[in-house]
Amino acid sequence: MVEEAPVAAAAPILSVKDLEISYGGQKALSGVNLEILENEIFGIIGPANAGKTSFLKAINRMDIFTPGMQVRGDITFAGHNVKHLKNVYALRSAIGVVFPLPVGLPMTIYDNVALAPRLRGVKSKVDLDIIVEHCLARAALWDEVKDRLNSLGSLLSGGQQQRLTIARALSQEPILLMLDEFSIAVDPVTTMRIEDVLKELKQEMTIILVTNLVQQANRLADRTAFFLEGSCVEINDTQSLFCGGATDQRTTDYIEGRFG
Amino acid sequence: MNHPVTTDFDRRDRDWYMDKLVQLVVFVSGISAIVFVIGIFIFITKEGMGFILDTMDPVEFFTSPYWEPSDEDAPEYGILALIAGTASVTGLALLVSIPFSLGAAVFIGEFSTGKTREFLKILIELLAAIPSVVWGFIGLTIMNPLIIDIFDVPVGLSVLNAGIILGLMTAPIMTSIAEDALKAVPDRYREAAEAMGATRWQVIFKVVFPAAKNGLLGAVLLGVGRGFGETMAVLLATGHSVNIPHSIFDPVRALTATIAAELGETAVGSDHYQALFTIGIFLFAITFIINLTADLVVRGVRNG
Ligand SMILES: Nc1ncnc2c1ncn2[C@@H]1O[C@H](COP(=O)(O)OP(=O)(O)O)[C@@H](O)[C@H]1O
Ligand SMILES: [Mg+2]
């Protein structure tokens with residue numbers, strides 16, 4: 001996967017300039033300028049309707065199928081302006097997405113994880129077997145499902161389905177993994193397991209972690225952005241943010257649970 | 001004010017009686033549907049029973065291609081040709097209606113939005129409401145000369161004609177059901193697949209169709225049931241001649257059309273009359289099985 005320059009750690013994989021998102025003329029997010037570095041976990045916190053999900057949708061061009069959604073400004077991912085791509089499907093294959101509610105597709109566990117490889121043309125059963133086992137193992141789910149790979153993915157428990165979703169995202173061999181409040185329907189134990197998985201994955205890919213749990217950002221993110229009511233209030237080192245170093249009073253208030 | 005909280009938990013008020021009344025009405029309507037179906041079944045069975053018990057040779061009935069009930073000396077009651085007629089027309093109709101309705105359902109359900117979608121849905125419902133005699137008339141007056149012209153055949157009333165007519169006729173209702181099935185697939189499945197980089201077609205073929213397969217299969221089965229039961233259109237478009245077809249240009253005769261055409265001319269209680277009712281029982285059984293299967297399939301009992 002990412003095996004270019006050995007000192008790649010500080011190169012921005014994603015840069016966002018003057019991003020503005022609106023739905024049918026109604027502004028949902030504006031004035032976002034930021035850069036996300038390779039192999040970092042970039043946390044985004046903020047109350048409901050801050051525009052966090054819209055931000056993620058703009059990155060992988062899911063706006064195309066969202067009626068009324070309009071994106072202005074420039075998003076450059078891996079050197080390409082996503083607005084002018086000739087093949088958005090290729091962009092999306094390079095970005096794994098995990099939604100707030102787990103989505104086990106109504107097919108077998110095996111097929112769930114084999115779907116993305118199959119879409120990109122992997123046919124050999126041996127190769128698929130390897131990918132499926134590898135991805136399920138990395139998502140900390142293999143041991144629980146290895147004996148029932150042929151049962152329906154949609155019948156797993158919520159926490160298992162969320163790990164299945166992560167395994168499916170990994171099967172895309174993504175450069176960027178975006179998680180949108182993944183722990184909303186997941187029990188605390190599974191949440192911790194997934195958090196450990198993310199720490200591992202960071203070695204190989206960039207992660208954007210939108211989270212409803214302020215402490216989750218604190219535990220995982222290298223840097224954290226605070227979104228509020230359609231704007232990006234602050235971007236800061238997670239450590240300084242949580243050690244009283246926030247530059248905006250609203251950030252401090254939110255982190256300390258005084259509103260939202 | 002009107003509903004003071006009371007601790008008199010044994011007092012039955014108007015709402016309580018209203019609730020009981022509604023329950024009763026619903027129960028009676030539900031029961032009456034069942035009563036009608038059973039009543040009809042008993043009636044046709046009673047009318048056909050004499051023939052089944054006395055005259056009928058079951059082997060001959062199902063395997064002889066000769067249907068000559070009005071022969072004075074040696075009437076023949078073989079429905080093989082009629083079964084072949086119904087089956088060939090229904091089969092061809094499915095070849096027409098499955099691609100049509102699936103395509104239409106995908107277009108309406110997956111590609112059109114807002115007003116276009118509503119308009120198309122209304123149009124489909126409208127098409128489904130066209131009386132079958134109108135379709136038969138189209139077969140007789142438009143398709144017939146068209147087939148003669150295009151294929152240079154002597155008659156245009158044939159399996160081909162009736163198959164196309166029946167296919168077009170069943171397509172709207174199949175479209176409607178198939179579209180419901182597609183709509184029942186939650187959007188988050190599509191979103192998840194799209195986010196993975198699947199194209200629209202990949203989403204439809206790899207995710208939506210497999211998720212909707214029960215409903216889609218149910219739509220097809222209901223189309224089959226409709227084809228077997230359809231009378232007027234096939235009566236007009238098949239050419240109505242007893243014949244095991246060797247090509248799609250052969251005229252045939254359907255089970256239903258036979259009953260419709262002959263029942264008025266038979267003496268009540270005669271062998272011929274009873275034989276027609278036996279065909280009725282057969283049709284009843286077939287459509288019942290098909291509809292039941294469709295129903296079970298739609299509900300997804302397949303996992304069993
Ligand atoms: N599909 C949509 N159509 C119209 N408005 C939307 C849509 N999705 C989100 N919005 C609006 O955009 C704003 C930001 O929403 P969202 O990005 O989902 O916020 P968050 O993920 O932070 O809760 C909200 O005010 C929401 O009502
Ligand atoms: Mg959200």
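With q set to 0.09 Å⁻¹, the log10 of I(q)/I(0) for chain A, from the Debye formula over equal scatterers at the Cα positions, is -0.40. For chain B, taking the reciprocal of the average inverse distance between every pair of different Cα atoms yields a Kirkwood hydrodynamic radius of 22.5 Å. Ranked by the mean number of other Cβ atoms within 10 Å per residue, highest first, peptides A:139-147, B:8-16 order as A:139-147, B:8-16. Residues of region A:59-80 with an amide N closer than 14 Å to a point placed 7 Å from the Cα of A:Glu20 along the Cα-to-Cβ direction: A:70-74. Positive-end ranking of B:Asn291, B:Asn161, B:Ile83 along the dipole of region B:76-303, with charges on Cβ about the Cα centre, is headed by B:Asn291.
Here the Karplus curve 6.51 cos²θ - 1.76 cosθ + 1.60, taken at θ = phi - 60°, turns the phi angles of region B:122-132 into couplings of 5, 4, 5, 4, 5, 4, 5, 8, 5, x, 5 Hz, with x standing for Gly and Pro. Magnitude of the charge dipole for region B:76-303, about its Cα centre and with charges confined to Cβ atoms of Lys, Arg (+1) and Asp, Glu (-1), is about 900 debye. Other protein chain C-beta atoms within 10 Å of residue C-beta, averaged over A:115-127: 2. Using bins of 5 Å that start at zero, the share of Cα-Cα pairs per bin across region B:38-135 amounts to 2, 10, 10, 13, 12, 11, 10, 9, 8, 6, 4, 2, 1, 0, in whole %. For region B:99-113, the Karplus equation 6.51 cos²θ - 1.76 cosθ + 1.60, evaluated at θ = phi - 60°, returns couplings of x, 4, 6, 5, x, 5, 4, 5, 5, 5, x, 10, 10, 9, 9 Hz by residue, with Gly and Pro reported as x.
Shielding by partners for B:195-205, please: the mean number of other protein chain Cβ atoms within 10 Å of each residue's Cβ.
Working: counts 17, 17, 16, 6, 5, 2, 0, 4, 2, 0, 0.
For peptide B:195-205, the averaged partner shielding equals 6.
Normalised by 2.2 N^0.38 Å, where N is the number of residues, the alpha-carbon radius of gyration of region A:186-260 equals 1.15. Remark on A:Ile44: its backbone amide H falls under 5 Å from those of A:Leu209, A:Val210, A:Thr211, A:Ala225, a criterion applied only to residues 5 or more positions apart or on other chains, H modelled at 1.01 Å from N. Model label sites at A:Lys27 and B:Phe107, defined 7 Å from Cα along the beta-carbon direction, differ in position by 4.2 nm. Calculated [222 nm] ellipticity per residue, helices only, for the protein assembly as shown: -16000 deg cm²/dmol; basis is -39500 (n - 2.57) per DSSP H run with n ≥ 4, divided by all residues, nearest 500.
Counting charges near A:Gln162 (Lys, Arg +1; Asp, Glu -1) among other residues having Cβ under 15 Å from its Cβ returns a value of -1.
Using 0.36 nm times the number of residues separating B:Thr199 and B:Asp15, minus their current alpha carbon distance, what extension gain do you get? Walk me through the numbers before you get to the answer.
Values: separation 184, 0.36 × 184 = 66.24 nm, distance 5.43 nm.
Between B:Thr199 and B:Asp15, full extension yields 60.8 nm more.
Toward the positive end of the charge dipole of the protein assembly as shown, about the Cα centre and with charges on Cβ (Lys, Arg +1; Asp, Glu -1), which of A:Ala137, B:Val28, A:Leu149 goes farthest? Working it through, the farthest residue towards the positive pole turns out to be A:Ala137. When A:Glu181, B:Glu230 are sorted by how many other C-beta atoms sit within 10 angstrom of their C-beta, beginning with the fewest, the order is A:Glu181, B:Glu230. As a rough footprinting exposure proxy, the listed residues A:Leu34, B:Leu292, B:Leu168 were ranked by other beta carbons within 10 Å of their own, and the order from fewest upward is B:Leu292, A:Leu34, B:Leu168.
Taking the Cβ-Cβ separation of A:Lys146 and A:Gln70 as r and a Förster radius of 45 Å, what is the calculated FRET efficiency to the nearest 0.05?
Working: r = 45 Å, r/R0 = 1.01.
With a Förster radius of 45 Å, E is 0.50.
B:Val134 to B:Ala74: extension gain in nm, 0.36 nm per residue of separation minus the Cα-Cα distance? Please list the in-between numbers first.
Working: separation 60, 0.36 × 60 = 21.60 nm, distance 3.75 nm.
Computed gain between B:Val134 and B:Ala74 is 17.8 nm.
With both bridge residues required to lie in the protein assembly as shown, what share of the DSSP beta bridges run antiparallel, to the nearest 5%? Don't jump to the answer; show the numbers that get you there.
On the way: 27 of 46 bridges.
Bridges in the protein assembly as shown that DSSP calls antiparallel: roughly 60 percent.
Relative to the compact globular guide of 2.2 N^0.38 Å, what is the alpha carbon radius of gyration of region A:44-166, as a ratio? After normalising by residue count via 2.2 N^0.38 Å, the value is 1.22.
Taking every pair of alpha-carbon atoms in region A:21-110, give the share separated by more than 16 Å as a whole percent. Write down the numbers at each step before the final one.
Working: 2496 of 4005 pairs.
When every Cα pair of region A:21-110 is considered, 62 percent fall beyond 16 Å.
Hey, got the average number of other protein chain Cβ atoms within 10 angstrom for residues in A:63-71?
Numbers: counts 0, 1, 6, 1, 2, 0, 0, 0, 0.
Counting Cβ atoms of other protein chains within 10 Å of each residue's Cβ and averaging gives 1.
Kindly put B:Ser112, A:Ser93 in sequence by how many other C-beta atoms sit within 10 Å of each C-beta, fewest to most. It would help to have the intermediate numbers written out before the result.
Values: B:Ser112 15, A:Ser93 21.
If I rank by nearby Cβ atoms, fewest first, I get B:Ser112, A:Ser93.
At a Förster radius of 60 Å, what calculated FRET efficiency corresponds to the Cβ-Cβ distance of B:Ile150 and A:Glu133, to the nearest 0.05? After rounding to 0.05, the efficiency reads 0.55. Each of B:Arg117 and B:Gln23 was given a label point 7 Å from its Cα along the Cα-to-Cβ line. The distance between the two points is 3.9 nm. Taking the Cα centre of region B:68-169 as reference, the dipole from Cβ charges on Lys and Arg (+1) and Asp and Glu (-1) amounts to some 880 debye. Positive end of the dipole of the protein assembly as shown (Cβ unit charges, origin at the Cα centre): among B:Ala128, B:Thr278, B:Pro65, the Cα lying farthest that way belongs to B:Ala128.
Each principal axis of the Cα cloud of the protein assembly as shown was evaluated for its coordinate range; sorted largest first, these ranges are 107, 77, 50 Å.
Here the calculated FRET efficiency for B:Ala261 and B:Ile38, from their Cβ-Cβ distance with R0 = 22 Å, stands at 0.20, rounded to the nearest 0.05. Taking label positions 7 Å along the Cα-Cβ direction at both A:Ser240 and B:His246, the computed distance is 9.3 nm, reported to one decimal.
Is there a quick way to get the dipole size of the protein assembly as shown? I mean about its Cα centre, with the Cβ of Lys and Arg at +1 and of Asp and Glu at -1; what is the value in debye to the nearest 20? Before the final figure, lay out the partial values.
Details: 43 positive and 61 negative charges, 325 e Å.
It comes to approximately 1560 debye.
Throughout, read-outs are computed from the coordinates displayed, never taken from laboratory work. Computed from a prediction, not measured in an experiment: that's the story for all the values here. Please note: Cβ atoms are built from the backbone with ideal geometry, for glycine as well, and neighbour counts cover all protein chains shown.
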